[in-house]
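Accompanying notes for the structure given below.
The values are calculated or read from the model by the stated rules, or taken from the named source; none is laboratory data. Model, not experiment: these values are computed from the prediction. Counting neighbours? That spans all protein chains shown, and the Cβs are built from the backbone with ideal geometry, glycine included. Keep in mind that these areas ignore ligands, DNA and RNA; they rest on the heavy atoms of the full protein, side chains included. Shrake-Rupley method; radii C 1.70, N 1.55, O 1.52, S 1.80 Å.
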Amino acid sequence: MDKGLKLFFRGSLPLFRHSFLLHFTGEHDIPFLFSNNPDMKMIFTRCLTMILTLMYVCCYAQPVSKKGTILKGSVTDETKAPVPFCMVILYTANDSALYKGEACDENGIFQISDVVPGKYYLVASMVGMGRAIKQDIILNEQNALCDLGDIVLAQPANMLSMVTVTADKPFIEKQVDKTVVNIENSIIQNSAPATDMLGKLPGVMIDRDGNVTLNGRRGVVILIDGKPTGLSGQNLYNYLKGLNTNAIQKVEIITNPSAKYDAAGNAGVINIVMKKNRRQGLNGTLTSNYSQGRYTNFGQGFGLAYKDRWYNIYANYTYDYRHTFTNLVLNRMFYQQGILNGVYKTDSYITDLANTHAPRLGADFNLSSKTSLSVLANGQFMQDNASAYDKTDNLDKQLMPVYHSIFENSNKFSHYNYSINGELRHQFDSLGQELKINLDYAHYYTGIDQQFATQYILPDATIVPGDRLNGNHHDKLFLYAVKGDYSKPLNQKATLDAGFKCSYITLSNNMRFFNPAYGTDYLDTLRSSLFDYNENINAAYLNLNKTWSKLTLQGGLRLEQTQASGYQKLSQEQFKRNYIQVFPTLYAEYKFNDKHVVNLNGGRRIDRPAYDQMNPYRKLINPTTYMQGNPLLLPQLGYNADLSYAYNNQWFLTLGASITKNNITEVLVQDAVTKTTHQTVINLDRFHYYSASVAYAKKITDWWTTNTSILGYYGIYRGAVNGTSLNKHMPSFYINTGNSFSLCEGLSLELGFNYSYKVFYGVTTIQPMNNLSFGIQKSVLKNNGTVTLNVSDIFWRSYARGATEFGSVSESWSAKRDTRLVNISFSYKFGKSQSTLINRATGSDDEKKRIR
């Protein structure tokens, strides 16, 4: 271990502990960061001190080994030039177990100390240069020094073709602990917004309000490269709408994450992994796409990167023009004491025209053979013009017309989002001991100019003027986070992970509506909002993984302290939250042989309410409908368990169960007298969920690969809504199949289909949906270019329809969207085509170690 890092941990541990104690005892006042509750201070201080102490012990207290042989040598290329920072790994000859490893210095020289007597072989490897093997290394007690001389790395003649073949990965990889969807290898997911992409993933649904559902359950966290966005609701939907699949490498669907992840996400985590440069030298890509539905959409993009042994610099840019629509049809019936009192029939047509610019700039620097620094900046700038034309027929209890209203809504959106991440990674050795420190900053801004106009038309065609409202809306969200992760192999089959995270979010919601009839200075306080929200989460975790010959166990414990406060200035309503929660996770896997594997996992998770769900202001939807937050909303807590079986890595069977307390549920409340409806969010007492799934993934022939899954589940909702007892339950199932066909060299076809049976959410039943899509792709220009044609939702059945029948509430609705699209796209790669085996510091190396 580096002497400087030993001194760092030796000196910084007391400093860290002293700093936390100062903060907790109030000697330094830092708003929102720490609790004023003495018990919470004591618990959290001790936990953080324990984690830091453990990290110090793991780093500083290195095992002492007996003096053995010093193994030395040098690595050169075919011209005898030294190969700096080449990795050399020593294996025991009898069982090929990894014994020890080191990196060469800048002169290509390596030295491995304290090697006990025995028979070994050594492997030297370097990115882009292949590898060399030194066999039959025999050491005995008389060998104080063994010089292996020069080890020559020669690039194989077929290296170029070997590293450029990447299309063998199937679209969906079903693994025991997660599902990996390789978006970059999909034909039917090409050149689509991330919102449409998510809706085609196995078991995933997303609506226009940003509600994401996984396997019939809400409470899903969306991550970008393993990091939370800090967004929710409509802001999250708008962000994903501006994210194009051309920039996405893969999506990981994880239903029960380990302690390394934030505890948020009761239904699971969806991690969107962006594309990263993996090729040496100067490389680039050009993309262009055109799609046609009811309206025209198109986009362009480029990527440019340069990578060598010392640094990797890359830049990407995409532009998207999206013109979409939603046709919402509502049929509401109002009852008084069980007798029909009136009916509203609404037909609303909403259009969106968005222009999105998304730049991305990053750099990785190898500061030494063991230390790297990475910096990444993302931006998204969207201009969105949305308009709605809403016609409502008001009928009396005899279904005779009373009047009909016309409601027009015009919105001009401006979204400006950017984020910066810095990561410092140090590898203490080649055996896996590693420390990572991440710093994150993000800023999200939304500005909206709104105009609402309502008029009423009587049965005799008399026009009665209605309300007019003008509004301006400004949302600002700032996110700050620091995160540290330490991993140390205790021996060849055990690993200890520890880490911490501190995040702070501040939100300012400024929405002002003015009625022109009273002049521009008249503020409509009923519909306006001046809301401030602050949230601080401090976390620490431990995770231990141990493998025996057939059994693997992993246990994790995560502690999170949450402090949040919200203040609605207009109504003077405010709330505060301050609590500490512990989240254990447990994984057990038994491998009977290469064909039969059983896995059991369980854990406790949390879903905190979104900030807009706790804002008590009334958000106008149309003249008879509004949305209102609930400042009394509590976080929901879930207890999840899964038992899975894998056969030959082709068949996967999973049984699951979960219980959610204080389930966050959206409900409708109707007033039969005023005939108004408001949407709000409440805590239901319990939600029980039971599931069974089977998946089949196999390359059936040389030209046909299939990934098919069937999920059946049963949900039970229990609680009270608006004073009425609720005990609803319903079985449902979901089918998803993806098939890829290699028709001939350079020509491939993909066919996908999913079907969702009707499902129940709280008080609303969603009717069945299905989606049939296909695509065909042809390689051109000496395999440097590809032309793709795909058609999504061929029969136009992938839109939501539903009904709410509960208490005095009776409503049916449908929301048609522009999901049936024909898309043609072209991409071209230029530059060196040689791939590197080392990803960016935030890439797949970290993802592979997250769940075992």
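Some observations on this one:
- Qualifying strands (runs of 3 or more DSSP E) (wholly inside the stretch 218-323; at least 3 residues being without any contact (Cβ under 8 Å) to a residue 40 or more places away in the chain and of a type outside the set (Lys, Arg)): 296-307
- Residue in the stretch 821-830 that is surrounded by 20 or more Cβ atoms within 10 Å (Cβ to Cβ), at pLDDT below 90 and assigned to a strand (DSSP E or B) present: no
- Selection status of ARG425, touching a residue at least 40 places away in the same chain (Cβ under 8 Å) and open to solvent by less than 50 Å² (accessible area, probe 1.4 Å): yes
- Screening the candidates LEU530, LEU496, LEU477 for the property of being without any contact (Cβ under 8 Å) to a residue 60 or more places away in the chain and part of a strand (DSSP E or B) yields one hit, LEU530.
- Unmet criterion (only one of (1) farther than 30 Å from PHE428 by Cα; (2) open to solvent by 70 Å² or more (accessible area, probe 1.4 Å)) for ASN341: (2)
- Selection within the stretch 391-422 - open to solvent by 40 Å² or more (accessible area, probe 1.4 Å), touching a Gly at 6+ places or on another chain (Cβ under 9 Å) and either without any contact (Cβ under 8 Å) to a residue 24 or more places away in the chain or closer than 30 Å to TYR311 by Cα (or both): TYR416, TYR418
- The lone exception for TYR626 - which of (1) assigned to a strand (DSSP E or B); (2) open to solvent by 20 Å² or more (accessible area, probe 1.4 Å); (3) farther than 29 Å from SER348 by Cβ it fails: (3)
- Residues of the stretch 177-214 that turn out to be in a loop (DSSP other than H, G, I, E, B) and in contact with a Leu (Cβ under 6 Å, 6 or more places away or on another chain), as a count: 2
- Within the stretch 513-534, the set of residues being at pLDDT 90 or above and either open to solvent by 30 Å² or more (accessible area, probe 1.4 Å) or of a type in the set (A, V, I, L, M) (or both) comprises LEU530, ASP532.
- Residue check for GLY499: in contact with a Gly (Cβ under 8 Å, 6 or more places away or on another chain) and either surrounded by 16 or more Cβ atoms within 10 Å (Cβ to Cβ) or over 25 Å from ASN235 (Cα atoms) (or both): yes
- On the stretch given as the stretch 423-456, residues that are more than 26 Å from the chain's Cα centre (by Cα) and assigned to a strand (DSSP E or B) total 10.
- Among (1) at pLDDT below 90; (2) surrounded by fewer than 14 Cβ atoms within 10 Å (Cβ to Cβ), the one test that LEU458 misses: (1)
- Considering the conditions (1) touching a residue at least 40 places away in the same chain (Cβ under 8 Å); (2) open to solvent by 20 Å² or more (accessible area, probe 1.4 Å), LEU655 is excluded by exactly one of them, (1).
- From the options LEU743, LEU772, residue that is within 20 Å of ILE183 (Cα to Cα) and in a strand (DSSP E or B): LEU772
- Top-ranked residue in the stretch 663-687 [being open to solvent by 20 Å² or more (accessible area, probe 1.4 Å) and within 24 Å of the chain's Cα centre (by Cα); ranked as nearest to GLY603 (Cα to Cα)]: ILE664
- Within the stretch 106-147, if we keep just the residues that are of a type in the set (Ser, Thr, Tyr) and over 30 Å from GLN280 (Cα atoms), the residue that is modelled with the lowest pLDDT turns out to be SER113.
- Qualifying residues in the stretch 463-496 (those that are farther than 30 Å from ASN417 by Cα and in contact with a helix residue (DSSP H, G or I) (Cβ under 7 Å, 6 or more places away or on another chain)) - the one most open to solvent (accessible area, probe 1.4 Å): ARG468
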